[in-house]
Amino acid sequence: MPETRKMLNRSEFVAAARHGRKLVSSSLVVQIHNRGDDAHPRIGITATRKIGNAVTRNRAKRRLRALARDVLARHARPGHDYVLIARHNTPTKAWPVMQAECDRLMADHSRHQP
């Protein structure tokens, strides 16, 4: 697994949303953008106010960071940006189900890439 970096700038998140591929499950959305270089993969986490208050959003972000460590560690490719977006049930969904969903999304993406 290549070392990952954090996405910090809004422009990086916007580029992933505008030019990347979007993979959707019931508990999260993953946007994947190929930057076209061989640098470290970058990961961004987003939880908007529509999923709940600050406590709920922070729990969702903690769970998405854990998913990034567990699942994206196996699938991340150099030169790609991965944005994980929380959905309304991200904070409460059963952990094994979330892992399986994210793993399935990433495996589907890997199968369709050269």
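All of the numbers you see were taken from the coordinates with simple rules; none came from a lab. Treat the numbers as computed from the prediction; the structure is a model and nothing was measured.
Which of these, Lys22, Lys50, Lys61, has the largest mean-square fluctuation under a Gaussian network model of the chain (Cα springs below 10 Å)?
Lys50
Mind jotting down a quarter of the surface of the convex hull over the alpha carbons of the range 30-91, in square nanometres, one decimal?
For the range 30-91, averaging the hull's shadow over all directions gives 4.0 nm².
Which three numbers, in whole Å and largest first, are the semi-axes of the equivalent ellipsoid of the chain derived from its Cα gyration tensor as √(5λ)?
One finds semi-axes of 22, 16, 12 Å for the chain.
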